[in-house]
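Engineer: My questions will all concern the structure given below.
The values are calculated or read from the model by the stated rules, or taken from the named source; none is laboratory data. These numbers were taken from a predicted model, which means no experiment stands behind them. Please note: Cβ atoms are built from the backbone with ideal geometry, for glycine as well, and neighbour counts cover all protein chains shown.
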Amino acid sequence: MLSAARRSSFLVRTLTTAFFVLYVASIVVSGLAFPLDYSRGFLLFERGWFMFNRDPGWLSQMRVYGQLEEGRWIRVDMRRWFRYQAAFESLRYNEVYRSPETVSALADYVCRNFNHESSSGQRLSAVTILDVSWPLVRGRHRYLAEVSDKERLYDPLLQNHSCESAAP
Amino acid sequence: MNKKLHPLEQWLYEEVPVDALCLYRIGLGMLIVVECLLRLPHTVEFFSNQGFHLGPLAGLAPAPLAAMTLSFALIFFAMMVMAGYLTRLALAITLGLWSYFFLVDMINEKAAHSIVMVMLGFLLFSDCDARFSVDDWLRRRRQLKRKNGRTSIFVQRLMQVYFLQGYFFSGLVKVMNPDWISGVVLQRIFMGRWATPLAVKLSGVLGSTAFHLLSLCVIIYETILSPLLWVRSVRAAVIIAGICFHLTTSLTLHVGSLSWHFILALVFLFPDPRTVRRVLEKISGQDWTLTNMNHIVQFNHALAKSRRKDPSKNH
């Protein structure tokens with residue numbers, strides 16, 4: 001198709017050159033967005049740029065707790081909905097970016113699915129999500145279960161999120 | 001004909017053998033098929049309305065059975081891309097399905113996923129079906145006119161720019177982080193969640209000086225060496241260095257198909273397409289220019305024969 005364009009009119013050449021200029025310009029604008037701090041850049045260009053650009057030196061895992069209608073708190077086993085091991089000690093839900101919106105969306109998902117699968121009285125009325133972090137060590141991957149309480153850091157991401165807000 | 005063009009125009013539009021682009025199409029199709037097969041067991045969790053999604057099309061996630069059907073369809077059309085059968089249609093459908101899944105599930109999204117979208121989009125406007133394809137085989141079998149074995153390098157340049165910007169700006173982001181330059185981040189990455197057992201072992205063996213040097217190598221390759229892929233005299237060395245870099249990455253980090261996408265580009269998109277063709281001719285021990293000419297002679301012969309049978313076709 002483009003070999004035909006190659007032989008064809010001045011107009012086609014001008015249009016493709018204009019496209020090339022626009023393409024390169026959008027890449028440059030996107031690429032300078034981070035250093036100059038004005039945005040992250042266009043989606044299709046910037047996905048690889050921030051890969052491995054920083055590492056906090058900790059592993060982390062989200063823990064989800066639910067309050068049953070009777071008032072008792074339980075730990076929700078996320079393996080019932082998330083089976084894919086995305087990274088070390090990290091199922092797919094743990095890959096969620098820790099922002100209030102995304103964590104709330106996860107809480108709504110847990111409420112919806114848990115309550116759909118449970119009988120009355122065993123449903124959740126609220127959800128709390130914590131992030132548990134533990135330090136990396138050289139030469140070895142440590143599972144959370146191997147880490148002592150002293151080394152764990154708890155960060156509440158979402159507290160007492162009401163399940164009433166979770167649309168069915 | 002190329003000699004008459006302005007150097008910049010020649011760089012952007014010169015006619016080159018299409019073989020490299022066609023081989024890239026096969027490789028890309030293969031990577032998509034492998035990736036789709038690997039995620040097939042997780043289709044319901046990744047893409048159906050039973051899974052958790054945050055993408056812009058999360059609300060349009062299909063039912064589990066539909067998600068499964070679409071996954072199989074994606075594999076089928078990616079295989080068609082690989083084989084080069086109804087290539088343009090297969091490219092368009094593969095791009096559509098891949099983009100839809102991409103926009104449903106962005107939790108487990110990888111950098112390689114956007115590479116696939118952009119590359120499929122570019123291939124759609126190329127002559128990547130002209131050789132090494134069922135389409136070409138059918139054209140020859142039916143004694144139809146084959147597509148030109150030469151094409152404008154324009155699409156290949158767009159693809160090269162995409163990969164180069166991937167290198168350069170990720171290098172730039174690293175340069176801006178002092179912990180990257182000192183090697184601290186790389187050492188942590190080798191201990192972290194994406195590290196393979198080999199990387200974790202290396203993190204215990206290598207000292208901070210080694211990580212500092214490795215970090216500098218990565219930054220230098222990404223920001224300084226990669227643009228040299230456009231410099232003929234050093235291109236081969238940069239390609240070899242790049243392949244080593246990506247093989248090391250795939251051995252030490254769980255980055256999915258990303259390394260293979262870059263290796264594929266380094267092998268087929270960056271070398272001069274004329275060199276790729278010469279290598280192919282050497283491997284096959286055949287002069288393809290001669291083969292193509294023979295085909296044209298056969299085609300013209302068949303055309304003349306049909307005209308003799310039916311004189312009305314002469315007009």
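Engineer: Take segment B:247-258 and flag every residue that is part of a helix (DSSP H, G or I) and surrounded by 20 or more Cβ atoms within 10 Å (Cβ to Cβ).
Structural biologist: If the condition is that a residue be part of a helix (DSSP H, G or I) and surrounded by 20 or more Cβ atoms within 10 Å (Cβ to Cβ), then B:Thr252, B:Leu258 are the ones that fit.
Results for (1) within 23 Å of A:Leu144 (Cα to Cα); (2) among the polar types (S, T, N, Q), shown as yes or no for each residue.
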| position | (1), (2) |
| --- | --- |
| A:Gly66 | yes, no |
| A:Glu70 | no, no |
| A:Met78 | yes, no |
| A:Phe82 | yes, no |
| A:Gln85 | yes, yes |
| A:Arg98 | yes, no |
| A:Val103 | yes, no |
| A:Ala107 | yes, no |
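Engineer: Okay, next question. Looking for something under 23 Å from B:Gly59 (Cβ atoms) and without any contact (Cβ under 8 Å) to a residue 12 or more places away in the chain - is there at least one such residue anywhere in segment A:45-65?
Structural biologist: yes
Engineer: Just give me the residues in segment B:163-194 being at the interface with chain A (Cβ under 8 Å from one of its Cβ atoms), in contact (Cβ under 8 Å) with a residue 40 or more places away in the chain and either among the hydroxyl-bearing types (Ser, Thr, Tyr) or not in a helix (DSSP H, G or I) (or both), in sequence order.
Structural biologist: B:Ser170, B:Trp194
Engineer: Can you tell me which of (1) over 16 Å from the mean Cα position of the chain (by Cα); (2) of a type in the set (Ser, Thr, Tyr); (3) within 10 Å of another protein chain (Cβ to nearest Cβ); (4) more than 28 Å from B:Asp179 (Cα to Cα) is the one A:Tyr84 doesn't meet?
Structural biologist: (1) is the only condition that A:Tyr84 fails.
Engineer: Could you list, in sequence order, the residues of segment B:110-139 that are under 19 Å from A:Trp49 (Cβ atoms) and either outside any loop (DSSP other than H, G, I, E, B) or of a type in the set (Asp, Glu) (or both)?
Structural biologist: Result: B:Ala111, B:Ala112, B:His113, B:Ser114, B:Ile115, B:Val116, B:Met117, B:Val118, B:Met119.
Engineer: Right, A:Arg79: at the interface with another protein chain (Cβ under 8 Å from one of its Cβ atoms), over 30 Å from A:Val28 (Cα atoms), surrounded by fewer than 15 Cβ atoms within 10 Å (Cβ to Cβ) and of a type in the set (D, E, K, R) or not?
Structural biologist: No, not satisfied.
Engineer: So, of the residues in segment B:20-32 that are of a type in the set (A, V, I, L, M) and within 17 Å of B:Ser99 (Cβ to Cβ), which turns out to be surrounded by the fewest Cβ atoms within 10 Å (Cβ to Cβ)? Please lay out each step first, then the result.
Structural biologist: Here is the first cut: in segment B:20-32, the residues of a type in the set (A, V, I, L, M) are B:20-21, B:23, B:26, B:28, B:30-32.
Imposing the further condition that a residue be within 17 Å of B:Ser99 (Cβ to Cβ) reduces the set to B:28, B:31-32.
Values: B:Leu28: 26, B:Leu31: 22, B:Ile32: 25.
The extreme case among them is B:Leu31.
Here's the yes/no breakdown for (1) closer than 18 Å to B:Trp260 by Cα; (2) within 9 Å of chain A (Cβ to nearest Cβ); (3) aromatic (Phe, Trp, Tyr):
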position	(1), (2), (3)
B:Tyr100	no, no, yes
B:Met106	no, no, no
B:Ala111	yes, yes, no
B:Met119	yes, no, no
B:Asp129	no, no, no
B:Arg139	no, no, no
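Engineer: Additional query: For segment B:47-64, which positions are assigned to a helix (DSSP H, G or I) and either at pLDDT below 95 or surrounded by fewer than 19 Cβ atoms within 10 Å (Cβ to Cβ) (or both)?
Structural biologist: Residues satisfying the conditions are B:Ala58, B:Gly59, B:Leu60, B:Pro64.
Engineer: So, in segment A:115-134, how many residues would count as being surrounded by 13 or more Cβ atoms within 10 Å (Cβ to Cβ) and over 21 Å from the mean Cα position of the chain (by Cα)?
Structural biologist: 7
Engineer: Quick one: in segment A:135-168, of everything that is surrounded by 13 or more Cβ atoms within 10 Å (Cβ to Cβ) and in contact with a Leu (Cβ under 7 Å, 6 or more places away or on another chain), which residue is farthest from B:Phe190 (Cα to Cα)?
Structural biologist: The residue in question is A:Cys163.
Engineer: Is at least one residue of segment A:108-120 touching a strand residue (DSSP E or B) at 6+ places or on another chain (Cβ under 7 Å), modelled with pLDDT of 95 or more and facing another protein chain (nearest Cβ under 9 Å)?
Structural biologist: yes
Engineer: Give A:Gly66, A:Gly41 a once-over and let me know the one that is buried (at least 17 other Cβ atoms within 10 Å of the Cβ) and more than 9 Å from chain B (Cβ to nearest Cβ).
Structural biologist: Exactly one residue qualifies, and that residue is A:Gly66.
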